[in-house]
Amino acid sequence: MDAQAEESFREFVANRSAALLKTAVLLSGGDRHAGEDLLQNALIKVAGRWHRVEEPEAYVRQVLYRQQVSRWRLKWPRREVSVDLPPETRADGTDAVAAADLRLVIRGALARLTARQRTVLVLRYFEDLPEADVARLLGCSVGTVRSTTHRSLARLRAVAPELAALGPAEPRPVRKPSPLEVRS
């Protein structure tokens, strides 16, 4: 390809690739990545014949259509990799879909709380701060933190009853100080 043809091809790609990508994505069933691959392969084929192309966009679209039909006709259109666990299950045995659903439920429930309630719960349970630290950060008393936590949890249970089905979290073991730490 000479310099003039290369410049013409680059200009065509810069100007028309967005519209052609939409077509490619639609041809590949809405899969953007497959559409990008389809368009890239079509442009590679067209680049070799660019100096003979009279109607570039029509030609590229025809290559797109024919490549997609060729993909449909392949005996094995995609190679699948066998794995011992489905993708929904993590290596540690937990269900990724259930974890994502739980995050969505928690996010939605927290959004229905007041800013103060949300802040107290996040600091206490997600940041795992003691009541005294939360009180110091918020500029209030420990009693206010306790009562706000109590009311916030009650409101959380009311707006997201599906969280109650999960049951209480397992309590963390409390580390008792050794006798040497107490004396010092």
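Structural remarks
- For region 42-65, filtering for residues that are open to solvent by 60 Å² or more (accessible area, probe 1.4 Å) and either under 30 Å from the mean Cα position of the chain (by Cα) or touching a residue at least 12 places away in the same chain (Cβ under 8 Å) (or both) leaves 4.
- For region 1-19, the set of residues classified as aliphatic (A, V, I, L, M), in a helix (DSSP H, G or I) and closer than 18 Å to residue 52 by Cβ consists of 3, 5, 13, listed by residue number.
- Of the residues in region 37-52, at least one is at negative phi and not in a helix (DSSP H, G or I).
- Identity of the residue in region 110-166, among the basic types (Lys, Arg) and within 25 Å of the chain's Cα centre (by Cα), that ends up modelled with the highest pLDDT: 112
The values are calculated or read from the model by the stated rules, or taken from the named source; none is laboratory data. Source: prediction; values computed, not measured. As a convention, Cβ positions derive from the backbone with ideal geometry for all residues, glycine included, and neighbour counts pool all protein chains shown. Accessible surface is based on the protein model in full, side chains and every heavy atom, while ligands, DNA and RNA are left aside. Shrake-Rupley method; radii C 1.70, N 1.55, O 1.52, S 1.80 Å.
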